[in-house]
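Structure first, then comments.
Every read-out reported here was derived from the displayed coordinates using simple, explicitly stated rules and does not represent laboratory data. Everything numeric here is computed off the predicted structure, so don't read it as measured data. Glycine gets a Cβ as well: all are built from the backbone with ideal geometry, and neighbour counts include every protein chain shown.
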Amino acid sequence: MGRLFGTDGVRGVANEDLTAELALGLSVAAAQVLTGSKSPDGRRPTAVVGRDPRASGEFLEAAVVAGLASAGVDVLRVGVLPTPAVAYLTGALGANFGVMLSASHNPMPDNGIKFFARGGHKLADDLEDRIETCYRDHAAGQSWDRPVGAGVGRVTEYTEGFDGYVSHLVGVLPNRIDGLKVVIDTAHGAASRVAPEAFARAGADVISIGAKPDGLNINDGCGSTHLDHLRDAVLSHSADLGIAVDGDADRCLAVDGDGAEVDGDQILAVLGLAMREAGTLRHNTVVATVMSNLGFTLAMEREGLLLKQTAVGDRYVLEEMKRGGYSLGGEQSGHVIVLDHATTGDGSLTGLLLAARVAATRRPLAELAGVMERLPQVLINVRDVDRGRVAESRELAEAVAEAERQLGETGRVLLRPSGTEPLVRVMVEAADAAQARAVAAGLADVVKSALG
């Protein structure tokens, strides 16, 4: 059996890979690793537990809550809320740790378990390893001290979490967004109530789409991975902009008033300049990944902002932000971290800050996003291949080298296995769109033949 934890918690097909037994066992193990000793007054440790609206989240939440309570942890069950809301509440309520049940942008049959440490921060690799070791020891028959009587955990429905989180979002905005007409697509996911409410409280005229979760329709042709409906709604309502989040609302993409997509690179550029103007962009630096468009790099240089690049994954962006004391970072996919106000990517917060910039400058989003020109970039997801052999394939290495020779200094190639899905991503960037498509298609064929 391989490592349970991936780049973003434990994920898999619910009730096949991610079973109730696994969820319960991991929760017991997490309780033992993350709680430490009892507080001086003898109070039990506390955990915040939330989920997105997937049908499988109902039984998985029950398993997690049972595991935690059986391990002597008091549970604050916050219900359906975004991942960043669980992170925020973990810190705001002084809980020992938090648990979020979601598979983010993945299709409905998948689900996942993500743990947050005290303060709402993502777990370090060594803590995940300790939880996994503890889980495997228990599965192998090693006994553990089970509390009895008054020692077992109690479960409380914490309904105040919704209002507390929405108030936090609105409270950190630099200015109100009165008068803006905004379309919000919440992917029938965890932010279906939160995001429209936050934008409305901040002053926007809100049109909601993708906001009727039924447990089965999360991410289904909507949200940040499918922008067509958002684009159509923005144009039909003559809205100023549109905001799309994914199933657990930790990422955000946008559409301007003309219906053009505004990706994570452009959002980072807009927010970076706004934060520099406000004096909150620490060290005059933005952190991004190697997947960022070359146009973003050129725009940062032209505007006098420094850029730190990391491996792909918001956890690596966050690690670099903490290491260097930076305040803004993110990914092209829409994970944007504003560390002064959130411990993880927060799609609702990102959308609100973007709208606040439009309102403050009285400039359309298209003009603000025009600070960078996106060079043609082609991304192909190659499925049903052995992603674990990317680094060792000689055939693939030779194909990448040849592609790089073809592109020269006018483009680049990036090949990487997904950390959350069974696929390999092929990204090619070039000054000419046709060349980028041709090179990417050729590399995708090699990936299939070499790793299939």
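With neighbour counts taken as other beta-carbon atoms within 10 Å, the residues 337, 380 rank, fewest first, as 380, 337. Near residue 18, the amide H atoms lying under 5 Å from its own belong to 13; only residues 5 or more places off or on other chains count, and H is placed 1.01 Å from N.
Just to verify a number: FRET efficiency for residue 373 and residue 306, C-beta to C-beta distance, R0 = 25 Å, to 0.05? Kindly include the intermediate steps, with their values, before the conclusion.
Numbers: r = 20 Å, r/R0 = 0.79.
Calculated value: 0.80.
Computed from the alpha carbon atoms alone, the convex hull of region 280-330 holds 59 Å³ per residue. When all alpha carbon pairs of region 164-369 are counted in 5 Å bins from zero, the resulting P(r) reads 1, 8, 17, 21, 22, 16, 10, 3, 1, 0 %.
Each of 116, 5 has some number of other Cβ atoms within 10 Å of its Cβ, and from fewest to most they run 5, 116.
Near residue 302, within a Cβ-to-Cβ distance under 15 Å, what is the net charge of the other residues, with Lys and Arg +1 and Asp and Glu -1? Its environment carries a net charge of -2. Kirkwood analysis of the Cα pair distances in the chain returns a hydrodynamic radius of 22.7 Å. Counting every other Cβ atom within 10 Å of each residue's Cβ, 268, 216, 281 order from fewest to most as 216, 281, 268.
How much length is gained if the chain between residue 212 and residue 146 is pulled fully straight, taking 0.36 nm per residue apart and subtracting their Cα-Cα distance, in nm to one decimal?
Working: separation 66, 0.36 × 66 = 23.76 nm, distance 4.10 nm.
Length difference between fully extended and current span is 19.7 nm.
The modelled label-to-label distance between residue 283 and residue 133, using points 7 Å beyond Cα along the C-beta direction, is 3.1 nm. Percent of Cα pairs in region 173-235 per distance bin of 5 Å, from zero to the largest separation: 4, 20, 26, 23, 16, 8, 2, 0. For region 10-159, the relative contact order comes to 32 percent (Cα pairs under 8 Å, sequence separation of at least 6). Restricting attention to the chain, close to 50% of DSSP beta bridges with both partner residues there are antiparallel.
Hey, if you drop one equal point scatterer on each alpha-carbon of region 377-451 and run the Debye formula without solvent, what base-10 log of I(q)/I(0) do you get at q = 0.17 Å⁻¹? For region 377-451 at q = 0.17 Å⁻¹, log10 I(q)/I(0) is -0.55. Annotation for region 58-121 versus region 261-279: alpha-carbon center distance of 30 Å.
Measuring max minus min along each principal axis, the C-alpha atoms of region 273-418 give extents of 52, 30, 27 Å (largest first). Computed from backbone phi, the HN-Hα couplings of region 218-233 come to 4, 6, 7, x, 8, x, 5, 9, 9, 8, 4, 5, 5, 4, 4, 5 Hz, rounded to whole numbers (Karplus: 6.51 cos²θ - 1.76 cosθ + 1.60, θ = phi - 60°; Gly and Pro given as x).
Using only Cα positions of region 10-159, each an equal point scatterer, no hydration layer, compute I(q)/I(0) via Debye at q = 0.09, 0.12 Å⁻¹ and quote the log10 values to two decimals. Reported log10 I(q)/I(0), two decimals: -0.24, -0.44. Adding -39500 (n - 2.57) for every DSSP H run of four residues or longer, then dividing by how many residues the chain holds, sets the calculated 222 nm ellipticity at -12000 deg cm²/dmol. For the chain, the longest principal axis of the C-alpha atoms and the axis of helix 20-34 are separated by about 80°.
Output the relative contact order of the chain, whole-number percent, from Cα pairs under 8 angstrom with separation of 6+ residues.
On the way: 1001 pairs, mean separation 58.7, N = 452.
Computed value for the chain: 13 percent relative contact order.
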